[in-house]
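Okay, structure first, notes after.
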Amino acid sequence: MIIHHPLLGPRDAAEFVYLGDASLLNRPDPAAPSAAEDFYTYLHLRDNTAGEHRELWYHEQGDRSWLVLTRNTLTHEITRVELARDVAGQAS
Amino acid sequence: MRYSALQVLKEGLTGNKGWRPVWREPEPKKQYDVIIVGGGGHGLATAHYLAKEHGITNVAVLEKGWIGSGNIGRNTTIIRSNYLLPGNEPFYELSMKLWEGLEQDFNYNAMVSQRGIVNLYHSDAQRDAYARRGNSMLLAGADSVLLDEQGVRKLCPFLDYDNARFPIKGGLWQPRAGTVRHDAVAWGYARGADSRGVDILQNCEVTGFTLENGRCVGVDTTRGKIGARKVAVCVAGSSSRVMAMAGMRLPIESHVLQAFVSEGLKPTLPGVITFGAGHFYISQSDKGGLVFGGDIDGYNSYAQRGNLPVVEDVCEGGMAVMPMIGRARLLRMWGGIMDMSMDGSPYIDKTSIPGLYFNGGWCYGGFKATPASGWCYAHLIATDRPHDTATAYRLDRFRSGAVLDERGAGAQPNLH
Amino acid sequence: MSGYRVNQGLLADSPAVPFVFNNRPFSGVQGDTLASALLANGQTLVGRSFKYHRPRGIFSAGPEEPNALVELRTGAFKEPNTRATVVELFNGLTAKSQNHRGPLSFDVMAINDRLSPILSAGFYYKTFMWPKAFWEKLYEPVIRAAAGLGSLSGEEDPDSYDKGFLHTDLLIIGAGAAGLSAALTAGRAGQRIIIADEDFLPGGRLNLESFLVDDMPAAQWAAHSIAELRTMPHVRFLPRTTVYGAYDHGVYGALERCTDHLASSDGKPRQILWRIYTQQTLLCAGATERSIAFGDNDRPGIMLAGAVRAYLNRYGVAPGKQVAVFTNNDDGWRTAADLINAGVTVTAVIDTRSGEAPLPIANARICMGSEVIATQGRLGIHSVTLRNGQTIHCDCLAVSGGWSPNVHLTCHQRGRPVWRDDIAAFVPGQTIPTGMRVVGAANGSLSLTQALHEGHDAALQALQASGLTASANTAPKATAESTDLSAFWHVAGCRGRSWVDQQNDVTTKDIALSYQEGFRSVEHLKRYTTLGMATDQGKTSNVLGLAVLAKLSGKSIEQTGTTIFRPPYTPVPIAAFAGRARGKHFRPVRHTPSYQWANQNGADFVEVGMWMRAQWYTQQGESHWRQSVDREVRQTRESVGICDVTTLGKIDIQGADASEFLDKVYANTFSTLAVGKVRYGLMLREDGFVMDDGTTARFSDTHFVMTTTTANAVSVFRHLEFCRQCLWPELDVHLISATEQWAQYAVAGPNARRLLETVVDAPFDISNEGFAFMACAELSVCNGTPARLFRISFSGELAYEIAVPARYGHALMDALMQAGQPYNVMPYGTEALGVMRIEKGHAAGNELNGQTTAANLGLGRMVSAKKDCIGNVLSKRPAMNPDNPIELVGFVPLDANASLNAGAHFIRPNGEPNLASDEGWMTSVAWSPSLNGSIGLGFIQNGSQRLGETVIAADLLRSKHTEVKIVSPHFVDPDGERLRG
């Protein structure tokens, strides 16, 4: 696979390390009364979508950016690549 | 029809006209006691044991395609019970014992070949970890032998002992481990279940669950609505998609695992060998092909195919540990979808919906578990209590923290 | 013995090439394949089939060959299952037929053929089950010995293999008519192209036909075109290169065979595995002919009609003296026509279609609307019988059942081909890899004219997509041909068996039996009968098998569907996929800056991840590693020792929010750490289990340096970047891995300070008051070398770690050794390091195995309750905090002379050795020179409450059960007086 890095252009996916669903960006509030349940859900339960999937990749053999890819898990087609810190920044 | 050498001879001499279908192709009934969603190895085994061990024969197995089309027909055929954790080892040892009597049980030769597995180790720390594991196995009544380098040399003289980047220091050997003709397992269980009255319904895809007063009472399918007292899902590779129809999110990610087979060769490997300093495991089939594999590709996928980096990684591991296979040719590579759980261990459990049961999350270890998975799932469905060897396979264990993490990799599926 | 050389074709004046087959000398010519040379020598019988050991001859002239498999070369160079049809003949080539016992012409295993009614499809699933024990001991070994084809040498592959990466705008797969036409159009317009062809003589069909292209012989046109392409600097021409797979996003795998056509690789790489990245792809892979099923259609001498033509036109070899043709299409007739033109006798043309003969074939019997129902001949065909009872003599039967487009690469991303009735074949479907166009015969356009036109048109489209303009040229013109066909698969009512898969011995009866027994999906058919699972992956047999199945089920072939096409297109050696990554080069090696120093000073190295670390340093007179390790421990504890700890991960952390960041990633607090101080840090995963530990030093308000364990250096850094970029992007903090930038050494022992006093530059105060335990400083050493000094101790002694820029590592080692001479300083390795940390009760890899909690390690108090951190919330889950947790404690044997084994499990003294009595396990053991006995660390339930209790360390694996006492894990200096001294 080839990932079009927003800063570096097309790079082989072998340069990257995969983490998982981009929902891992949304770490729950540890002070909330429901924190135990929230963290359990956050860390363990997945939509595991068959189709368009937002997911985290790390450019380990590169510039060490964490990226959010929008990739189809049925076809592997990548339609969007963003810097994770931009996505995380928008979310908060 | 009972299979035997005599029967083969008799049929052979009379034109093989008398063989009948291994399973019937019935029309769906309106109502069953139990519906098993998924006609893979685990589903068919569950049906077989429900009928045989619990006398529950009014059962349907629903398969969206052809039976055995999932991972039972697409794996590296290894069976073993060399697990570490007390929540796992007795279960896999039960599975091994069931393998050992399987052919007589369902009167079908699945070619269970107990020629052993050697997990190589390359460092003292790895040896210590294997010693801990081997002792766990022995405590659980399984078999295990810790080999030093000389011991491995005797068993596998063809490995690279003298020029290795990561020298072979020894191995953990389970002599009773081995390989099985994978497709035949599905067919054998289908035969066993069918002969006891279970309906195997191919080309019957489940499209929804029927809930009444919060209880699951049947399924919608491409062949119509079918009712059941209990519905048991067993659909590796599609678990999240199917359970989403019941509104559930699972502690599962689906990943692609590639596997490989070489051209047919005269016997050259004694059993299963796994490399301890890279991702590579290999055995040789009864037909002569080297069957091997390695790590998952590592990203979520439902595509049943992988990419080149892992192919090369696997072959590098192979050449590092046994450079004599270099001139053997890779004939075919394929990919299967693994339901990777959050700790590398599976789930066999009731769900939050009464009448709905779930079996899945086998990562890439489901094949060896087929008999015990069917046995324990049948036990759960029949008695509503988990089998003694499967009490740890709770769907909500991450809420309590009772994880079963053989690798110590944490809640990241692609590391298991 | 029927084939012979006719003096024509492309090899008319080629020099002779001697070779050996089955220990007999033969002679071929330059440009032959092994198959063409064998045929030219009249060698019809070349192998045996898989199951029944039926005699087998050459069937095809290309990579689709199911029968003519040989063991090529000898000794460690032996290559089993090599298709003679693609082996380029070289001087001295040696080959052997395979899968027979006794001579090829009298294989004793052919008894299986007599038993074939019993050995029907899947018979083995129904028997060999009784008595149970016989399977392992008797049945399976016999089956295994009989199975398989060729054999491996058992020796290491002596050749080397390379890998490479290529980038292009247009990849053209196949340099036949379509591919060359496309390449010319695109190449002339300046497009960057890679064109690959699996053959050593590119041109595909053009080399096999008697047609004209642009008024010259087709082969000549091909040669001219290739010559022109080779002059274009932007075109890379790769002959002998098979594109074997299509992967995501325009990545293709290709195998170039560099020296397979030579007697020896002569030290050069045998093959190169290319990974090709391309914007656009033209698949011009041609088509593969298939056979017809009829009685005894597997005898040597029965070949594909196109192959017969190929041998004649390209190699100048007539596969028989009297050739009959059996066809359902017009293409088969052209084989007859070309044979006649070359002076070869054609005894008959049998066409399943009625009507007029499409071509005049002189002196041949023309049998329209007829069928071959049987063949005769033991090791080679000598006649055929027609439906009407006529017998026709022939020593070669050329069969054509039509052509199947080579759609393989269109399906590698799970695309499904679609059926076209007019050519009775599958063609590429709608879903093909992005950027791919399929051209010519691969697309079902079977005539030469179509191929040339489609190639040209596809190149125009590719140019347009790349924004290039075509120079004015038109598609090449070729002789017109007819490719009419009427689907015909299986001659009904034959008495003999009708073979579908010739290698795996699958007959139409096997397919019928499979259907009868319920194996009715194509995948079940394949798996039950093994149809299409042989080395050729059913290239000539699959469609035929589907057609037979479709007829049985009353469905169309389209409804029946195909099995899945998977890579590789043709088999690829495992060694090629590994390339140079084998032996010592399997993985890169990391050396620390003082590796050379260690090497010169007696170090034995051990692999630690990619690193090579000194395990111990052997001195003169030491014959056992324990002597060295014991000495190193004693000397360190008694005076001073030096250990290279460079491999520990080092992460530089800077920014206004650095301390806040550390509070979030460490379980304990770092914001309270004073500048100039170091603190031990415990890091959890988000699931609450321990991830790693290490020390972090604070050099300023905004600057920290973290160390990680060697094993987790990479994963911790990745994790911190995740925290920084994904969880808390608002924090002002930056990270950089500095593992390789700093060489770092532990200087430990009562004389450590005295040693360092002579190394640090004035005015640095290294006194206990000036630089107390857990202090850190930036300073200079050895007259101006920048350095960092940490007063931390893993050994439990008065100890420091000193770091200098990596380039000074070796020099610092020299300087420290020199400075330590008065104290008889010694370097110590990882073993002594391990012994001392066990003596001190520090957890390391065996304890930090990802399965343990802070409480398990006795560090539960470190998880701060005052602040959040990664892992804090989930570490409180009930099952992780049970009433009887396993806890890390020490163990000593009751018998002072006994040794301990790591991996033993603890059971109570009267306990049965079973899981129920399993209370924990021994993680690390050592022989302690300080205590003069064996010691161990381990986890046991409620360990901290059970000090003094005796349990059994049960090592069932090694039959060693040792009574051990539970003790504190701090064996040496439990109060830490030494390290503070």
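The values are calculated or read from the model by the stated rules, or taken from the named source; none is laboratory data. Given the structure is predicted, the values throughout are model-derived calculations rather than measurements. Methodologically, a virtual Cβ is constructed for each residue, glycine included, from the backbone with ideal geometry; neighbour enumeration extends over all protein chains shown. Side chains are part of the model used for accessible areas, which takes the heavy atoms of the whole protein and leaves out ligands, DNA and RNA. Shrake-Rupley method; radii C 1.70, N 1.55, O 1.52, S 1.80 Å.
Quick look at the numbers
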{"quantity": "Considering residues of the stretch B:307-327 that are open to solvent by 10 Å² or more (accessible area, probe 1.4 Å) and more than 8 Å from chain C (Cβ to nearest Cβ) only, the residue nearest to the chain's Cα centre (by Cα)", "calculated": "B:Val310"}
{"quantity": "Sole exception among (1) assigned to a helix (DSSP H, G or I); (2) closer than 25 Å to B:Gln126 by Cβ; (3) touching a residue at least 12 places away in the same chain (Cβ under 8 Å); (4) not polar (S, T, N, Q) for B:Arg407, by number", "calculated": "(1)"}
{"quantity": "Candidates C:Gly47, C:Gly42, C:Gly31, C:Gly62 - the one that is small (Gly, Ala, Ser), more than 24 Å from C:Trp403 (Cβ to Cβ) and within 30 Å of the chain's Cα centre (by Cα)", "calculated": "C:Gly47"}
{"quantity": "Residue in the stretch B:44-66 that is more than 9 Å from chain C (Cβ to nearest Cβ) and at positive phi present", "calculated": "yes"}
{"quantity": "Tally of residues being facing chain C (nearest Cβ under 10 Å), open to solvent by 20 Å² or more (accessible area, probe 1.4 Å) and either in contact with a His (Cβ under 6 Å, 6 or more places away or on another chain) or not polar (S, T, N, Q) (or both) across the stretch B:121-146", "calculated": "13"}
{"quantity": "Unique residue being touching a strand residue (DSSP E or B) at 6+ places or on another chain (Cβ under 6 Å) and more than 28 Å from C:Val835 (Cα to Cα) when the list is C:Ser899, C:Ser928, C:Ser917", "calculated": "C:Ser917"}
{"quantity": "Residue that is open to solvent by 30 Å² or more (accessible area, probe 1.4 Å) and not assigned by TED's automatic domain parsing to the domain that holds C:Met436, where the choices are C:Pro358, C:Pro319", "calculated": "C:Pro358"}
{"quantity": "Odd one out for B:Met342, checked against (1) free of Cβ contacts under 8 Å to residues at least 12 places away in the same chain; (2) touching a helix residue (DSSP H, G or I) at 6+ places or on another chain (Cβ under 9 Å); (3) within 14 Å of chain C (Cβ to nearest Cβ)", "calculated": "(1)"}
{"quantity": "Any chance B:Asp220 is without any contact (Cβ under 8 Å) to a residue 24 or more places away in the chain and closer than 30 Å to B:Tyr302 by Cα", "calculated": "yes"}
{"quantity": "Extreme residue, modelled with the lowest pLDDT, among residues of the stretch C:904-924 that are of a type outside the set (Asp, Glu) and open to solvent by 50 Å² or more (accessible area, probe 1.4 Å)", "calculated": "C:Asn910"}
{"quantity": "Members of the stretch B:276-296 that are among the aromatic types (Phe, Trp, Tyr) and crowded, with 24+ Cβ neighbours inside 10 Å", "calculated": "B:Phe280, B:Phe292"}
{"quantity": "Hits in the stretch C:858-877 - residues which are crowded, with 21+ Cβ neighbours inside 10 Å, modelled with pLDDT of 95 or more and out of contact with any Pro (no Cβ under 7 Å at 6 or more places or on another chain)", "calculated": "C:Cys869, C:Ile870, C:Gly871, C:Leu874, C:Ser875, C:Arg877"}
{"quantity": "Residue that is nearest to the chain's Cα centre (by Cα) [pool: residues in the stretch C:251-279 that are among the aliphatic types (A, V, I, L, M) and open to solvent by less than 20 Å² (accessible area, probe 1.4 Å)]", "calculated": "C:Leu273"}
{"quantity": "Residue selected from the stretch B:363-416 under the condition open to solvent by 30 Å² or more (accessible area, probe 1.4 Å) and of a type in the set (Phe, Trp, Tyr), by the criterion nearest to the chain's Cα centre (by Cα)", "calculated": "B:Tyr364"}
{"quantity": "Residues satisfying the stated conditions in the stretch C:118-132, i.e. open to solvent by less than 60 Å² (accessible area, probe 1.4 Å) and either more than 7 Å from every other protein chain (Cβ to nearest Cβ) or among the acidic types (Asp, Glu) (or both)", "calculated": "C:Leu119, C:Ala121, C:Gly122"}
{"quantity": "Strands (runs of 3 or more DSSP E) completely within the stretch C:660-718 that count 1 or more residues being over 16 Å from C:Phe790 (Cβ atoms)", "calculated": "C:677-684, C:690-700"}
{"quantity": "Tabulated pairs, the stretch C:6-30, first more than 18 Å from C:Ala307 (Cα to Cα) and without any contact (Cβ under 8 Å) to a residue 40 or more places away in the chain, second among the small types (Gly, Ala, Ser) and open to solvent by less than 70 Å² (accessible area, probe 1.4 Å), C-beta under 8 angstrom, 6+ apart or interchain", "calculated": "C:Ser14/C:Gly31; C:Ala16/C:Ser27; C:Ala16/C:Gly28; C:Phe26/C:Ala37; C:Ser27/C:Ala37"}
{"quantity": "Criterion (at the interface with chain C (Cβ under 10 Å from one of its Cβ atoms) and aliphatic (A, V, I, L, M)) met by exactly one of B:Leu257, B:Leu265", "calculated": "B:Leu265"}
{"quantity": "Leading residue by the ranking (surrounded by the fewest Cβ atoms within 10 Å (Cβ to Cβ)) among those in the stretch C:538-584 that are within 7 Å of chain B (Cβ to nearest Cβ) and closer than 30 Å to C:Ala614 by Cα", "calculated": "C:Lys584"}
{"quantity": "Matching residues in the stretch A:53-82 - criterion: being in a strand (DSSP E or B), open to solvent by less than 30 Å² (accessible area, probe 1.4 Å) and at the interface with chain C (Cβ under 8 Å from one of its Cβ atoms)", "calculated": "A:Leu56, A:Tyr58, A:Trp66"}
{"quantity": "Residues satisfying the stated conditions in the stretch B:242-264, i.e. touching a residue at least 60 places away in the same chain (Cβ under 8 Å), touching a strand residue (DSSP E or B) at 6+ places or on another chain (Cβ under 6 Å) and assigned to a strand (DSSP E or B)", "calculated": "B:Ile252, B:Glu253, B:Ser254, B:His255, B:Val256, B:Leu257, B:Gln258, B:Ala259, B:Phe260, B:Val261, B:Ser262, B:Glu263"}
{"quantity": "Hits in the stretch B:346-362 - residues which are surrounded by fewer than 24 Cβ atoms within 10 Å (Cβ to Cβ) and part of a loop (DSSP other than H, G, I, E, B)", "calculated": "B:Thr351, B:Ser352, B:Ile353, B:Pro354, B:Gly355"}
{"quantity": "Matching residues in the stretch B:147-170 - criterion: being of a type outside the set (Lys, Arg), open to solvent by 50 Å² or more (accessible area, probe 1.4 Å) and either within 12 Å of another protein chain (Cβ to nearest Cβ) or in a loop (DSSP other than H, G, I, E, B) (or both)", "calculated": "B:Asp148, B:Pro157, B:Asp162, B:Asn163"}
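Here is a yes/no grid of residues against (1) open to solvent by less than 40 Å² (accessible area, probe 1.4 Å); (2) part of a helix (DSSP H, G or I); (3) in contact with a helix residue (DSSP H, G or I) (Cβ under 9 Å, 6 or more places away or on another chain); (4) small (Gly, Ala, Ser):
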site	(1), (2), (3), (4)
C:Ile392	yes, no, no, no
C:Val399	yes, no, yes, no
C:Asp422	no, no, no, no
C:Gln461	no, yes, no, no
C:Ala472	no, no, no, yes
